[in-house]
Amino acid sequence: MSEAGTMNATDLIFQLRAVQYLYAGRHVALDSIDLDIRRGEQVALLGANGSGKSTLLKLLDGIYAPSSGTMQVLGRDIAAVAAGEDAFRFHREVGLVFQDPDIQLFSATVLDDVAFGPLQLGMSPSEVKTCCDEALGEMEINHLADRAPFELSGGEKKRAAIASVLSLHPDVILLDEPTASLDPRTKWVLVNLIRRLGEAGKTIITATHELEIVPIIANRVIVIGEERCILADGPAEAILQDRALLIKANLIHEHLHGHGGDHTHTYTSTSGPAVR
C-alpha cells in the first residue's frame, strides 16, 4: 500500500491512485493499483505470468496511459507523456529495458545502439563517447562495442539493451524479466550487475517471477496477483517468507503425492524445489 504519508514529497517518483488499465477497452490488465515509489528504491514486481507486471512497467514508462485513475511520474501526468508531450525528455529520466532485447537493438553495432539516445539529445562527439564508454563499462561489454547485435548471445544482448538505456543516465531503470531464458552463469552475472546499479543510487524496478534473484536485486517487493491487483507490498525478506501469499499469487505451488504417506513439497512456478 501507499507510504505517501511518511515520505518526503520531493523523493516521490511514482504515485498511482486507483489505476486501472484495460486492453481493447474491455479486458482488465491491471485493477485498483495504489502505489508510491521513492527515489533510490530497489523494487521487485513479483507475479505469475499474465498477472500484469509488464503492463505496469509500460504504464510507469509512459508507453501506456491509465484507462482510469490518476498517475504522476516525476511530477508529470503520465497521460500527457503517453500522448507524446515531451516524451523524449521523459524517457531520458525513466528508461525501460524490454524482456526481448531485440526490440531495443536495431542498429548495425552495439555501439551504435548505445549511442543512439545521446545523439538524439544533440550531444557533442566527445560527450557521446563518454556516455557510451560509461554505459558499456557498467555492463562490462566494452569488448562488444563493434559487434552486430545478431552476433551476440542472449545474455550479451540483455546487457547491451541495458547499456542503451544507461547511456542517457536515467534516474529510473525499469527491467522486464531481465533474467528470462538465460543460462545460470549468465543470469547471475546479470543479477550482480543490476545489484551494482542499485548500490550506485539508481531507482531500479524489476519485474520477475524468479524468487531466487529477489534478495539480491530488491529490498522491497510488490506482489501482483492473478486478479491483476496488488496483493502485498513490503520488505523483501518478509514477503519471501510468506508461503501462503506466494501460493496465492501462483509464485510457488504445492504438489501432493503419495510415496511413504501423503505429504507436500513446495515448488516455484518455474523451477525446482523452493525453500520451505
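Values for this structure:
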{"read-out": "Among residues of region 145-157, those that are more than 24 Å from the chain's Cα centre (by Cα) and either aliphatic (A, V, I, L, M) or under 22 Å from Ala200 (Cα atoms) (or both), counted", "value": "2"}
{"read-out": "Region 189-205 residues that are within 12 Å of Leu166 (Cα to Cα) and free of Cβ contacts under 8 Å to residues at least 40 places away in the same chain, paired with ones that are part of a helix (DSSP H, G or I) and of a type in the set (Val, Ile, Thr) (beta carbon under 6 Å, 6 or more apart)", "value": "Ile194/Ile217"}
{"read-out": "Condition broken by Thr186, with the remaining ones in (1) in a helix (DSSP H, G or I); (2) among the hydroxyl-bearing types (Ser, Thr, Tyr); (3) crowded, with 20+ Cβ neighbours inside 10 Å satisfied", "value": "(3)"}
{"read-out": "Hey, Gly40 in contact (Cβ under 8 Å) with a residue 12 or more places away in the chain, on the phi > 0 side of the Ramachandran plot and either part of a helix (DSSP H, G or I) or crowded, with 18+ Cβ neighbours inside 10 Å (or both) or not", "value": "no"}
{"read-out": "Contacts under 7 angstrom Cβ, first residue in region 228-244 being under 14 Å from Ala44 (Cβ atoms) and free of Cβ contacts under 8 Å to residues at least 60 places away in the same chain, partner among the polar types (S, T, N, Q) and surrounded by fewer than 18 Cβ atoms within 10 Å (Cβ to Cβ), 6 or more apart", "value": "Pro235/Asn219"}
{"read-out": "Failed criterion for Asn49 (all others in (1) assigned to a loop (DSSP other than H, G, I, E, B); (2) touching a Leu at 6+ places or on another chain (Cβ under 6 Å) hold)", "value": "(2)"}
{"read-out": "Residues of region 225-263 satisfying the condition of being in contact with a Lys or Arg (Cβ under 9 Å, 6 or more places away or on another chain) and at pLDDT below 55", "value": "none"}
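The values are calculated or read from the model by the stated rules, or taken from the named source; none is laboratory data. All figures in this text were calculated on a predicted structure; none of them were measured in a lab. When we count neighbours, we look across all protein chains shown, and the Cβ atoms used for this are built from the backbone with ideal geometry, even at glycine.
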